[in-house]
1. Select from Gln91, Gln111, Gln78 the residue whose mean-square fluctuation is largest in a Gaussian network model of the chain (Cα-Cα springs shorter than 10 Å).
2. On full extension of the chain, what length is gained from Leu121 through Arg13, given 0.36 nm per residue of separation minus the C-alpha to C-alpha distance?
3. Please report, as a whole percent, how much of the solvent-accessible surface of the stretch 39-112 comes from carbon and sulfur atoms (probe radius 1.4 Å).
4. Which order do Arg112, Arg13, Arg87 take when ranked by solvent-accessible area (1.4 Å probe, heavy atoms of all protein chains), largest first?
5. Would you calculate a helix-derived [θ] at 222 nm for the chain, using -39,500 (n - 2.57) for each DSSP H run of n ≥ 4 and dividing by the full residue count, to the nearest 500?
6. Using the heavy atoms of the protein chains alone and a 1.4 angstrom probe, what is the accessible area of the chain per residue in square angstrom?
7. Could you state the angle between the C-alpha long axis of helix 7-23 and the longest principal axis of the C-alpha atoms of the chain, as a value from 0 to 90 degrees rounded to the nearest 10?
Amino acid sequence: EDPYNVDHPEAARFAQEARIIAQAMGHKPGASYTYAAPPVFLFEPHQTEMCNFKPQVILNIDEVWEIKRKTFEILAAQKHLWAYYERVALQRGVQGGRNTGKPMTYGEAYQRLFPMALEELA
């Protein structure tokens, strides 16, 4: 959901459809393949509270933070969001560090579109 950027949900729908077709046995009858479809992650949107976003995965991005920062600073039209994105990354870093017990300054949050299958809980 994203009431401010209708292209975002449409892109997510397209990725979901591509993933479904890629693993659908009936889509290409007689094909020989396994059902190991890749996970699909929704990236944290701007204004998460307006988009029904639920962070389920936090990725430590400390190692690439400076590159990411320089990259989004190229988008002059979104200058008003630069500090916002840094605050979000710092917040997710705190949450990630507290949940893992490992130091993390910057993090990115993702929501899984499909369930994760495990052999055991760790």
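The values are calculated or read from the model by the stated rules, or taken from the named source; none is laboratory data. Nothing here was measured: the structure is a model prediction, and the numbers come from that model. Side chains included, ligands, DNA and RNA excluded: accessible areas come from the protein's heavy atoms. Shrake-Rupley method; radii C 1.70, N 1.55, O 1.52, S 1.80 Å.
1. Between Gln91, Gln111, Gln78, it is Gln78 that shows the largest mean-square fluctuation.
2. On the way: separation 108, 0.36 × 108 = 38.88 nm, distance 2.99 nm.
Computed gain between Leu121 and Arg13 is 35.9 nm.
3. Values: 2820 of 4950 Å².
About 57 percent, which is the carbon plus sulfur part of the accessible surface.
4. Details: Arg112 55, Arg13 105, Arg87 140 Å².
If we order Arg112, Arg13, Arg87 from most to least accessible, we get Arg87, Arg13, Arg112.
5. On the way: 3 runs with 44 residues, N = 122.
Result for the chain: -11500 deg cm²/dmol, rounded to the nearest 500.
6. Numbers: 9140 Å² over 122 residues.
Accessible area per residue: 75 Å².
7. For 7-23 against the chain, the angle is about 30 degrees.
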